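Each remark here refers to the structure printed beneath this line.
The values are calculated or read from the model by the stated rules, or taken from the named source; none is laboratory data. Quantities reported herein were computed from a predicted structural model and do not represent experimental measurements. Because the Cβ atoms are built from the backbone with ideal geometry, glycine has one as well, and the counts that use them run over all protein chains shown.
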Amino acid sequence: MSQSFDIKFVDLERQYQTIKEEIDAAIADVISRTNFILGDHVHLFEKEFAAYCEAAEAVGVDNGTSALEMALRALGIGPGDDVLVPANSFMASASAVSFVGAKPVFVDVDPVTHLIDVTQLARRITPRTRAIIPVHLYGQAADMDPIMEFAREHNLLVVEDACQAHGARYKGRRVGGIGHAAAFSFYPGKNLGAYGDGGAVVTNDAAVAEALRVMRNCGQREKYTHVMLSYNRRLDTLQAAILRVKLRYLDQWNALRRQWAGLLNELLADSGAALPVTRPENEHVFHLYVVQVEERSAVQEFLKQRNIATGIHYPLPIHLQPAYAELGYKQGDFPVTEAAAKRILSLPMFAELTESEVRYIAEMFKAAIAVGRAEPLMQSVGA
Ligand SMILES: *Cc1c(COP(=O)(O)O)cnc(C)c1O
């Protein structure tokens, strides 16, 4: 390699340089109007994001964790209720359930897609089960038709965790408007990311949206009349203005992510690693490009030394988190999730990668796997 590379996991500075003028103008506009709280940009972003998700309503909130919690609360989930949650996700998919006083009940995932295994739902349901949280993990939709069917049969509510899947499609439909409500995160590194925290709840139910608007704003429908006790979980106007600019680029960015994922799949086909699989009914938006390897830490170290950042999503399954010790789960409860947690590795993935960078990642990854394979052998020879 004559060129030298330094590939971050996500490069937000590079993205900013492509939209700098529009972003700077949007920020200046908010500052000049000083409508920092629930300003026009919040309402306009909500309209535009709902339309983008092919749903009726979007309500901007302060982050994705809040969006999940508030969606559950607005749907009436609370103490005494059980909620089905995949064991392989970000912690918030489950902790939001606990925050409303309900109990997460974990479900193992599919070994190929890492998405909630719908064949396990019937086994995990209890007389107290009131809802399911399918997580569209890594940017690919969970299998929503059987999930919605199961929910109808058992009278359950469905809250999509779409925090990693802005723009993803399932059988042609955008995620977000398929369940009873959906939570999105605009954490900076997400496919649609703010310059700080942000989130939204998307729903087709106008009454739920109205309840959420009161709930996020200290329980006020009109100023200084509090119809309920509630917290302040508003989306900043500044973030909404930034998100409006970025939303216009989201489809283009997602298409580039798909292009790089396709190229990686092609270049790594003979690598021996398990590669991401897109189910035929899905349009994947590759928030993360997750492979599975043996000798993961050796592979990660090898790539780090060659200036390629990697991540693990997630190294410790939710049911084994110290914070959930009280729920009484143990190693062995969810074998697919636990096995994956030891092998999964996320390679750099963002729209602004270049083709030569993607080829460098693939080449170094293949070399890393070869070294990873050789290492245990060398150790046993030395011993
Ligand atoms: C990012 C994320 C969240 C939480 O979003 P925050 O904005 O960080 O609170 C929830 N669920 C999943 C699957 C996520 O990736």
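Among the residues of region 51-70, is any among the acidic types (Asp, Glu), in contact with a helix residue (DSSP H, G or I) (Cβ under 8 Å, 6 or more places away or on another chain), touching a residue at least 40 places away in the same chain (Cβ under 8 Å) and not in a loop (DSSP other than H, G, I, E, B)? Write out each step before concluding.
In the first step, residues of region 51-70 are kept if they are among the acidic types (Asp, Glu); the result is 54, 57, 62, 69.
If we keep only those that are in contact with a helix residue (DSSP H, G or I) (Cβ under 8 Å, 6 or more places away or on another chain) as well, we get 57, 69.
From the residues that got through so far, the ones that are touching a residue at least 40 places away in the same chain (Cβ under 8 Å) too are 57.
Still in the running and not in a loop (DSSP other than H, G, I, E, B): 57.
Yes, there is a match, as at least one residue in region 51-70 is among the acidic types (Asp, Glu), in contact with a helix residue (DSSP H, G or I) (Cβ under 8 Å, 6 or more places away or on another chain), touching a residue at least 40 places away in the same chain (Cβ under 8 Å) and not in a loop (DSSP other than H, G, I, E, B).
Do we have any residue at all in region 62-69 that's modelled with pLDDT of 95 or more, crowded, with 23+ Cβ neighbours inside 10 Å and more than 20 Å from Ala168 (Cα to Cα)?
yes
Sort out which residues of region 111-142 are buried (at least 20 other Cβ atoms within 10 Å of the Cβ), in contact (Cβ under 8 Å) with a residue 60 or more places away in the chain and in a loop (DSSP other than H, G, I, E, B), and write them in order of number.
Correct list: Thr113, His114, Asp117, Ile133, Gln140, Ala141.
Residues Ala71, Ala87, Ala67, Ala58: which one is within 16 Å of the ligand (Cβ to nearest atom), farther than 23 Å from Asp236 by Cα and either within 23 Å of the chain's Cα centre (by Cα) or polar (S, T, N, Q) (or both)? First the steps, then the outcome.
Details: Ala71 fails: farther than 23 Å from Asp236 by Cα; Ala67 fails: farther than 23 Å from Asp236 by Cα; Ala58 fails: farther than 23 Å from Asp236 by Cα.
Unique residue meeting the criteria: Ala87.
In region 274-313, what count of residues is obtained for those that are out of contact with any Gly (no Cβ under 6 Å at 6 or more places or on another chain), over 23 Å from Ala351 (Cβ atoms) and in a loop (DSSP other than H, G, I, E, B)?
4
What about Val105, is it at pLDDT 95 or above, more than 14 Å from the ligand (Cβ to nearest atom) and not in a helix (DSSP H, G or I)? Before you say what the answer is, go through the steps one by one.
On the way: at pLDDT 95 or above: yes; more than 14 Å from the ligand (Cβ to nearest atom): yes; not in a helix (DSSP H, G or I): yes.
Judged against the criteria, Val105 is a match.
How about region 219-263: which of its residues are touching a Leu at 6+ places or on another chain (Cβ under 7 Å) and within 22 Å of Pro348 (Cα to Cα)?
Result: Lys246, Leu247, Leu250, Trp260.
Would you confirm whether any residue within region 241-256 is more than 20 Å from Thr18 (Cβ to Cβ) and buried (at least 18 other Cβ atoms within 10 Å of the Cβ)?
No, there is no match, as no residue in region 241-256 is more than 20 Å from Thr18 (Cβ to Cβ) and buried (at least 18 other Cβ atoms within 10 Å of the Cβ).
Restricting to region 153-198, give me the number of residues that are among the hydroxyl-bearing types (Ser, Thr, Tyr), more than 11 Å from the ligand (Cβ to nearest atom) and part of a strand (DSSP E or B). Break it down stepwise before answering.
Step one: of region 153-198, the residues among the hydroxyl-bearing types (Ser, Thr, Tyr) are 170, 185, 187, 195.
Among the residues that remain, those that are also more than 11 Å from the ligand (Cβ to nearest atom) are: 170, 195.
Next cut, part of a strand (DSSP E or B) only: 170.
The total comes to 1.
Taking the conditions exactly as written (within 16 Å of the ligand (Cβ to nearest atom), at negative phi and touching a Cys at 6+ places or on another chain (Cβ under 8 Å)), does Phe49 satisfy them or not?
Working: within 16 Å of the ligand (Cβ to nearest atom): yes; at negative phi: yes; touching a Cys at 6+ places or on another chain (Cβ under 8 Å): no.
Judged against the criteria, Phe49 is not a match.
Might you let me know whether region 184-200 holds any residue that is of a type in the set (Gly, Ala, Ser), more than 30 Å from Asp24 (Cβ to Cβ), surrounded by fewer than 23 Cβ atoms within 10 Å (Cβ to Cβ) and modelled with pLDDT of 95 or more?
Scanning region 184-200 turns up no residue that is of a type in the set (Gly, Ala, Ser), more than 30 Å from Asp24 (Cβ to Cβ), surrounded by fewer than 23 Cβ atoms within 10 Å (Cβ to Cβ) and modelled with pLDDT of 95 or more.
So Val159 passes all but one of these: (1) crowded, with 22+ Cβ neighbours inside 10 Å; (2) out of contact with any Ser or Thr (no Cβ under 9 Å at 6 or more places or on another chain); (3) over 20 Å from Ala56 (Cβ atoms). Which condition number does it fail?
It fails just one condition, (3).
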